[in-house]
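A.B. asks: Dropping a structure here in structure tokens format, bear with me for questions.
FYI, it's all coordinate maths here, none of it is from the lab. Values in this document were obtained by computation on a predicted structure and should not be read as measured data. As a convention, Cβ positions derive from the backbone with ideal geometry for all residues, glycine included, and neighbour counts pool all protein chains shown.
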Amino acid sequence: MAPVSLLDLVAALPSNDGWGPAASEETMLDGVPFQPYSKADKLGRMADWTEGKDRERGGRQQFGRNYRDQQVYGANQASNPFAIAAAEEEATFSVVDNTRTSARGRGFGRGGGTVFRGRGQRGGQTQRGGRGTFQRVGGRGGQQYDNRGGRGGRGGRRFGWRDDKPQRNRDASVQVKPDWSVLEEIDFARLAKLNLDTGEGEDLDSYGFLFYYDRSYDKQPGAVTSQRKLNVLERAAYNVTTSSDPIIHELAEKDEATIFATDNILSMLMCATKSVYSWDMVITRRGNKVFIDKRENSALDMVTVNENATDAPLEISEGNKDSMNSPGALMLEATHINNVFPLQVVLESQTSKLNMSHEHPFYNEEVETDPPASKAYRYRRFDLSLERDEEPLHLIVRTELDAVVKNNINGEDQFLTIKALNEFDNKAQGSGGALDWRTKLASQRGAVLATEMKNNSCKLARWAVQSILAKADTMKLGFVSRTNPKNNNDHVILGVLTNKPRDFANQMALNLNNGWGIVRTIVDMCLKMEEGKYVLVKDPNKPVLRLYSVPENTFEEDIDEGQIAEDDAEE
């Protein structure tokens with residue numbers, strides 16, 4: 001057979017067929033038109049499950065995918081002939097979306113959004129706490145809070161930081177009655193700007209006695225050999241308010257000062273901007289004298305626990321099922337520990353103790369059955385005068401010391417204040433991210449102490465102020481933990497740390513001049529008013545102080561009712 005060329009084959013084909021399959025009018029799918037295709041079109045991903053989510057949040061979709069996929073073939077669903085219309089039977093079908101919604105609820109986060117609880121700024125050096133420097137909150141003159149982040153004038157809220165924490169509704173430390181009238185309302189932002197430079201103060205007199213500190217408690221903290229059981233010792237201790245102190249009455253009659261207070265009360269006023277819980281104090285003006293007092297069973301006598309933690313302990317009413325770790329129960333436990341701990345770490349010896357210039361001002365052997373606790377009372381005077389004052393303004397404060405110790409170098413007596421931090425359960429709600437003291441106190445004592453400074457900044461600042469007011473040489477800080485986290489009755493002493501009061505205050509960035517400015521300003525307000533009784537209350541839910549004018553018999557009725565109840569019980 002003769003060979004057939006390619007041209008012969010082409011010539012043999014019908015002239016109307018051409019290359020490829022035979023032309024046909026039929027389509028593979030009825031009703032589907034022909035979709036043109038160009039090599040310039042870009043094919044996207046076969047399935048992109050993140051497209052809808054990214055489109056909602058406007059994140060990566062805006063930056064990269066819009067640019068990358070803007071020419072995806074068939075992306076325009078409006079003109080896409082292949083778009084599938086939902087059938088009628090699918091109208092009842094729904095997809096369950098288990099992703100988080102963007103609406104914010106009452107969840108727990110890192111702090112509170114519009115709750116301003118800050119530690120305060122350092123007071124300006126040129127402002128020395130003058131008179132009439134405050135205006136009431138509200139209107140154009142008051143402090144205005146907004147929802148901006150506040151970082152260099154940036155707009156917009158800083159979500160994820162202090163926005164998720166629900167607003168706590170705590171109760172006030174004292175019930176405000178209808179016949180109380182508000183005289184002043186002061187927010188913490190203004191208090192934090194006050195500044196008053198005050199000297200070291202001078203000693204007027206001292207009372208009581210001190211036992212010597214037991215140095216065996218200064219062993220390596222956290223070591224098993226240094227752990228000791230906390231014992232309960234029955235000793236007569238006193239916490240007398242200002243107006244009930246006979247020594248202060250004598251000093252007032254001698255016109256030694258204008259303002260009178262105790263270190264417990266004064267430290268709370270000086271550290272007011274660090275406080276979160278509500279507290280109150282009674283201010284009485286008699287002539288040109290001002291007495292700052294506390295009520296019976298006042299919150300000032302209680303030792304708080306993790307007051308400044310971002311996730312502070314919850315009340316029972318707030319959903320805390322563990323009543324042992326509620327704020328009230330923790331305060332009772334911490335107060336008990338601070339009452340008995342200083343008694344255990346001293347060497348009680350009647351032959352080896354340091355007597356002050358005068359006997360104990362409150363102990364009465366004929367009435368008391370328990371021996372007195374180791375305690376010395378120093379009455380000290382501070383000058384709060386300003387250059388523009390016509391007459392000097394002095395303050396007398398009763399300070400307390402807990403023990404004495406011999407200096408290893410020169411053998412001189414050094415005075416101590418003794419306080420105790422307590423660990424309840426580092427895994428419980430409200431622990432504030434505290435470390436396990438038993439395992440970390442020996443190796444990471446700095447981290448343990450730093451965590452306590454963060455969670456208890458108000459309490460530790462008050463202790464440092466009290467030590468400085470008393471002119472103590474050293475502050476002993478004990479670490480007491482529960483024997484079992486589920487038992488709040490038995491405790492063990494894990495160790496004791498030694499600090500210089502002023503060094504400790506500097507470590508906490510505590511500004512004493514700001515505290516003195518607060519005291520001077522509050523006193524100026526009272527001295528401008530008529531003689532009478534006033535109550536200063538820290539708002540339970542806002543960083544605000546309010547000064548009320550109250551009737552003269554306020555709180556005296558409660559004392560009378562309590563005395564009648566005690567008499568009836570004795571009968």
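A.B. asks: By how many nm would the segment from residue 179 to residue 288 grow when fully extended, if each residue of separation counts as 0.36 nm and the alpha-carbon distance is taken off?
C.D. replies: 36.7 nm
A.B. asks: If you build the Cα gyration tensor of region 199-358 and take the root of 5 times each eigenvalue, what three semi-axes come out, in whole angstrom, biggest first? Kindly include the intermediate steps, with their values, before the conclusion.
C.D. replies: Working: eigenvalues 197, 149, 37 Å².
Semi-axes from the Cα gyration tensor: 31, 27, 14 Å.
A.B. asks: Follow-up. Where q = 0.22 Å⁻¹, what log10 of I(q)/I(0) comes from the Debye formula for region 293-421, counting one point per Cα?
C.D. replies: Scattering profile of region 293-421, log10 relative to I(0): -1.36.
A.B. asks: For the charge dipole of region 184-548, defined by +1 on Lys and Arg C-beta atoms and -1 on Asp and Glu C-beta atoms about the Cα centroid, which residue among 467, 393, 287 has the Cα displaced farthest towards the positive pole?
C.D. replies: 467
A.B. asks: Another question about this same structure. Residue 414 to residue 487: FRET efficiency via 1/(1 + (r/R0)^6), r the Cβ-Cβ distance, R0 45 Å, to the nearest 0.05? Write out the running numbers ahead of the final one.
C.D. replies: Details: r = 36 Å, r/R0 = 0.81.
Using R0 = 45 Å, I get an efficiency of 0.80.
A.B. asks: Follow-up. Mind giving me the FRET efficiency for residue 509 and residue 366? R0 is 60 Å, r the Cβ-Cβ distance, nearest 0.05 is fine. Numbers along the way, then the final one.
C.D. replies: On the way: r = 49 Å, r/R0 = 0.81.
Step by step, r from the Cβ atoms, then E = 0.80.
A.B. asks: Return the subset of 193/538; 193/471; 193/500; 274/427 for which the Cα-Cα distance in this structure is over 21 Å, preserving the input order.
C.D. replies: Pairs exceeding the cut-off: 193/471; 193/500; 274/427.
A.B. asks: If the only charges are +1 at each Lys and Arg Cβ and -1 at each Asp and Glu Cβ, what is the size of the charge dipole of region 184-548 around the Cα centre, to the nearest 20 debye? Intermediate values should be presented prior to the final figure.
C.D. replies: Details: 43 positive and 53 negative charges, 282 e Å.
Here the size comes out at about 1360 debye.
A.B. asks: Within the P(r) computed for region 229-322, what percentage of the Cα pairs occupies the region above 15 Å? All intermediate terms of the calculation are to be shown ahead of the outcome.
C.D. replies: Values: 3070 of 4371 pairs.
Here the long-distance tail beyond 15 Å is 70 percent of all Cα pairs in region 229-322.
A.B. asks: Give me Rg over Rh for region 184-548, both radii from the alpha carbons and Rh done the Kirkwood way, two decimal places. Intermediate results must be reported in sequence, preceding the final value.
C.D. replies: Working: Rg = 20.4 Å, Rh = 21.4 Å.
Taking Rh as the inverse mean 1/r over Cα pairs, Rg/Rh reads 0.95.
A.B. asks: List the relative contact order of region 184-548 as a percent without decimals, with contacts defined as Cα pairs under 8 Å and 6+ residues apart. Please list the in-between numbers first.
C.D. replies: Working: 729 pairs, mean separation 114.6, N = 365.
Answer for region 184-548 is 31 percent.
A.B. asks: Sticking with this one: How far apart, in nm, are the 7 Å Cα→Cβ label points at residue 406 and residue 436?
C.D. replies: It is 4.1 nm.
A.B. asks: Would you mind calculating the gained length between residue 349 and residue 228 on full extension (0.36 nm times residue separation, minus the Cα-Cα distance), in nm to one decimal? Don't skip to the end; give the middle numbers.
C.D. replies: On the way: separation 121, 0.36 × 121 = 43.56 nm, distance 2.07 nm.
Net length gain for the segment: 41.5 nm.
A.B. asks: Same structure, new question: By how many nm would the segment from residue 332 to residue 168 grow when fully extended, if each residue of separation counts as 0.36 nm and the alpha-carbon distance is taken off? Please list the in-between numbers first.
C.D. replies: Working: separation 164, 0.36 × 164 = 59.04 nm, distance 2.10 nm.
Using 0.36 nm per residue and subtracting the Cα-Cα distance, I get 56.9 nm.
A.B. asks: Next question, about the same structure. Under a point spin-label approximation (7 Å from Cα along Cα-to-Cβ), what is the residue 443-residue 390 distance to one decimal in nm?
C.D. replies: Between residue 443 and residue 390, the label points sit 6.8 nm apart.
A.B. asks: Estimate the FRET efficiency between residue 301 and residue 381 by the formula 1/(1 + (r/R0)^6), using the beta-carbon distance for r and 22 Å for R0, to the nearest 0.05. Spell out each step's value before the answer.
C.D. replies: Details: r = 24 Å, r/R0 = 1.11.
Efficiency for this residue pair is about 0.35.
A.B. asks: Also: Which percentage, to the nearest 5, of the DSSP beta bridges contained in region 184-548 is antiparallel? Display every interim value, and only then the final one.
C.D. replies: On the way: 54 of 71 bridges.
Counting only bridges with both partners in region 184-548, antiparallel ones make up about 75 percent.
A.B. asks: Moving on. Just grab the label-to-label distance for residue 243 and residue 450, each label 7 Å out from Cα along the Cβ direction, in nm (one decimal).
C.D. replies: Result: 4.7 nm between the two label points.
A.B. asks: Once you sort the root eigenvalues of the Cα gyration tensor of region 395-466 as a ≥ b ≥ c, which label holds: rounded (a/c under 1.5), prolate (a/b larger than b/c) or oblate (the other case)? Walk me through the numbers before you get to the answer.
C.D. replies: Details: a/c = 3.09, a/b = 1.60, b/c = 1.93.
Taking the square roots of the gyration eigenvalues as a ≥ b ≥ c, region 395-466 is oblate.
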